[in-house]
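Trainee: Right, I'll just put the structure down here and ask away after.
The values are calculated or read from the model by the stated rules, or taken from the named source; none is laboratory data. This is a predicted model, so every value here is computed, not measured. Virtual Cβ from ideal backbone geometry, glycine too; neighbours counted across all protein chains shown.
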Amino acid sequence: MNIDIQAEAITPRRHTFSHIARRFGVDKPASRYEEATYDVQPVANFHYRPTWAPEFELYDVARTRIVMADWYVFRDPRQFYYATYNISRAAMQQSFDDAVNFVEKRGLVAGVAPAWREAVAAYLLPLRHLEWAANMNCQLIADWGYGTQITSAAAFCGADRLGLAQVISRIGLVLGEGGDDHLVAAKTLWVDGAAWQPLRRLAEDMLVLRDWFEVYVAQLVVLDGLVYPLLCESFDAAGVAHNGAPISMMTGFLADWFADNSRWTDAVMKAAAGESDANRTVLNGWLRQWGERAHEALLPVARQVLGEEGDAAVAQARRQLSARLEKLGLTLGEEVPA
Amino acid sequence: MSRPVSITLQNSQDGIAIANAILADNPEAQRKSFPAMTKIDCPGRLSILADSVSERLGREWDPQEIHMSVISLSGSVDEDDGSFTLFWR
């Protein structure tokens, strides 16, 4: 008997979900990212308004001053959905763990000048509280934002921020040789230290903003855009004179994360600004307002770490952010005299 | 007409992105769709550019990862950090 094995090609009737097909065409297989993000959020036929804000629908475009004809133009260049996000973050966590284990096993932190160790504990560790505020802000965007594309990415970013707070805490434990003294001291600095109060006030003011896109600009573009370059470049460079390399090995991760996150924030800002001049005006207003506040709030911290060069370092971070925004068709505004 | 080189890829997320990159970067490439796999033929020479695949995947893609998606290929291979090329000598 002869058995003839053949492959029979069965053409699928549909390649993807109807809502994706309406956007991209019926005969095109969609990527997982597209299926997981585009047009997922309900847009019509809401039954009840939220009792805590009856002026809005459950999902309402009026929650921000930014106006978009289509809310699905904020494509995340990293194409994060559950799987890709977790794969990417697992790799990041692994690289951080490897670096910290390397430093810890060899006791490299003991070789860093003690004064610089104290300085790092004083400038880095309070930032874990700032990361927590950033997490809250991202969750607010995920909650009140419009369109799954931006809200799901914001929720991922929020989870990142909790991760970053943990990363900073872990560095604190290494600095304290396993003890939590430095972390406790850092909390006191954040709550009572004079240099930190302008930044804490800024963080708390952001927590009560109601326009979610303003939160996006203030936190993810302006504050992160100044804090991370300051932390990962100026502060880090200052450690070289004190044999700070082991610290840099552990904090290097923060720069990697910031570069990754900036790909997303740049894409969002570019799309929002490109939509209309009205949007651009609103965004520029927020950038100017929060840019000035963040600049002022970071000065005392930078002065504490870098002394007289602190002002120049903040100005440098500001120039970097300004150049980044200019490429996206936005302006941070004039440099404020310190 | 030069002999065709070919590569057959799984229809996975990565495989689809690689196939799309090949078709965009090699104007003479022909796609043949089969159940769960895609065969691409191209006369003479076919290049897979890492940047092109990375852009479609939204992450850094290393040409060595191609082995996770390849079912079969024909042609000599030239591989470096930026590209994976099939050709006949």
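Trainee: Those residues that are surrounded by 15 or more Cβ atoms within 10 Å (Cβ to Cβ) and either outside any loop (DSSP other than H, G, I, E, B) or touching a residue at least 60 places away in the same chain (Cβ under 8 Å) (or both), I need them from the stretch A:3-22; list them, please.
Mentor: Matches in the stretch A:3-22: A:ILE20, A:ALA21.
Trainee: Moving to a separate point now. I'd like the full set of residues that are more than 9 Å from B:ARG45 (Cα to Cα) and of a type outside the set (A, V, I, L, M, F, W, C), limited to the stretch B:75-89.
Mentor: Step one: list which residues in the stretch B:75-89 are more than 9 Å from B:ARG45 (Cα to Cα), which gives B:76-84, B:89.
Passing the criteria: B:SER76, B:ASP78, B:GLU79, B:ASP80, B:ASP81, B:GLY82, B:SER83, B:ARG89.
Trainee: A follow-up question, please. So is B:SER47 away from chain A (no Cβ under 14 Å) and either closer than 15 Å to B:SER72 by Cα or assigned to a helix (DSSP H, G or I) (or both) or not?
Mentor: Taking the combined requirement at face value, the residue does not satisfy it.
Trainee: A further question on this structure: Please determine, by comparing only the residues of the stretch A:24-36 that are within 28 Å of the chain's Cα centre (by Cα) and part of a loop (DSSP other than H, G, I, E, B), which one is nearest to the other protein chains (Cβ to nearest Cβ). Break it down into steps so the answer makes sense when it comes.
Mentor: In the first step, residues of the stretch A:24-36 are kept if they are within 28 Å of the chain's Cα centre (by Cα); the result is A:30-36.
Then keep just the ones that are part of a loop (DSSP other than H, G, I, E, B); that gives A:30-31.
Working: A:ALA30: 10, A:SER31: 6 Å.
Residue satisfying both the conditions and the ranking: A:SER31.
Trainee: Tell me, which residue of the stretch A:251-286 that is among the hydroxyl-bearing types (Ser, Thr, Tyr) and part of a helix (DSSP H, G or I) is farthest from the chain's Cα centre (by Cα)? Outline the logic, then answer.
Mentor: Our first condition is that a residue be among the hydroxyl-bearing types (Ser, Thr, Tyr); within the stretch A:251-286, this holds for A:251, A:262, A:265, A:276, A:281.
Filter once more, keeping what is part of a helix (DSSP H, G or I): A:251, A:262, A:265, A:281.
On the way: A:THR251: 16, A:SER262: 7, A:THR265: 8, A:THR281: 23 Å.
Checked the stretch A:251-286; the qualifying residue farthest from the chain's Cα centre (by Cα) is A:THR281.
Trainee: Out of (1) away from every other protein chain (no Cβ under 12 Å); (2) more than 11 Å from the chain's Cα centre (by Cα); (3) without any contact (Cβ under 8 Å) to a residue 24 or more places away in the chain; (4) farther than 25 Å from A:ALA9 by Cβ, what's the single condition that is false for B:HIS67?
Mentor: Here B:HIS67 clears every test but (2).
Trainee: Sticking with this structure for a sec: Of the conditions (1) without any contact (Cβ under 8 Å) to a residue 12 or more places away in the chain; (2) within 13 Å of chain A (Cβ to nearest Cβ); (3) in a strand (DSSP E or B), B:ASP78 satisfies every one except a single condition; which number is it?
Mentor: Evaluating B:ASP78 over (1) without any contact (Cβ under 8 Å) to a residue 12 or more places away in the chain; (2) within 13 Å of chain A (Cβ to nearest Cβ); (3) in a strand (DSSP E or B) leaves (2) as the failure.
Trainee: Continuing with the same structure: A:GLY178 - would you say it is free of Cβ contacts under 8 Å to residues at least 12 places away in the same chain and either on the phi < 0 side of the Ramachandran plot or over 12 Å from the mean Cα position of the chain (by Cα) (or both)? So that I can check it myself, show each step before the final result.
Mentor: Working: free of Cβ contacts under 8 Å to residues at least 12 places away in the same chain: yes; either on the phi < 0 side of the Ramachandran plot or over 12 Å from the mean Cα position of the chain (by Cα) (or both): yes.
Yes: the conditions hold for A:GLY178.
Trainee: Also: Condition test on A:ARG63, is it in contact with a Phe, Trp or Tyr (Cβ under 6 Å, 6 or more places away or on another chain) and modelled with pLDDT of 90 or more?
Mentor: When the stated conditions are applied, A:ARG63 passes them.
Trainee: If you don't mind, another one. Could you tell me whether the stretch A:42-60 includes any residue that is surrounded by 15 or more Cβ atoms within 10 Å (Cβ to Cβ), β-branched (Val, Ile, Thr) and away from every other protein chain (no Cβ under 14 Å)? Explain how you work it out, then say what you get.
Mentor: Looking only at the stretch A:42-60, we keep the residues that are surrounded by 15 or more Cβ atoms within 10 Å (Cβ to Cβ), and these are A:56-57, A:59-60.
Subsequent filtering for residues that are β-branched (Val, Ile, Thr) retains none.
Within the stretch A:42-60, none of the residues are surrounded by 15 or more Cβ atoms within 10 Å (Cβ to Cβ), β-branched (Val, Ile, Thr) and away from every other protein chain (no Cβ under 14 Å).
Trainee: Could you grab me the full set of residues in the stretch B:8-36 that are out of contact with any Gly (no Cβ under 7 Å at 6 or more places or on another chain), part of a strand (DSSP E or B) and more than 10 Å from chain A (Cβ to nearest Cβ)? Steps first, answer last, please.
Mentor: Going through the stretch B:8-36, the residues out of contact with any Gly (no Cβ under 7 Å at 6 or more places or on another chain) turn out to be B:8, B:10-36.
From what's left, part of a strand (DSSP E or B): B:8, B:10, B:30-34.
Within the stretch B:8-36, B:THR8, B:GLN10, B:GLN30, B:ARG31, B:LYS32 meet the criteria.
Trainee: Just the residues that are of a type in the set (Lys, Arg) and either in contact with a Cys (Cβ under 9 Å, 6 or more places away or on another chain) or outside any helix (DSSP H, G or I) (or both), please, taken from the stretch A:198-250. Let's see the steps before the verdict.
Mentor: Taking the stretch A:198-250 and keeping what is of a type in the set (Lys, Arg), we get A:200-201, A:210.
Once the filter is applied, which keeps residues that are of a type in the set (Lys, Arg) and either in contact with a Cys (Cβ under 9 Å, 6 or more places away or on another chain) or outside any helix (DSSP H, G or I) (or both), the stretch A:198-250 yields only A:ARG210.
Trainee: Exactly one condition in (1) modelled with pLDDT under 90; (2) on the phi < 0 side of the Ramachandran plot; (3) away from chain B (no Cβ under 14 Å) is false for A:ALA21; which is it?
Mentor: (1)
Trainee: Right, here's the next one. Give the residues of the stretch A:250-269 that are surrounded by fewer than 17 Cβ atoms within 10 Å (Cβ to Cβ) and more than 16 Å from A:ALA153 (Cα to Cα), sorted by residue number.
Mentor: Of everything in the stretch A:250-269, those that are surrounded by fewer than 17 Cβ atoms within 10 Å (Cβ to Cβ) and more than 16 Å from A:ALA153 (Cα to Cα) turn out to be A:GLY252, A:ALA255, A:ASP256.
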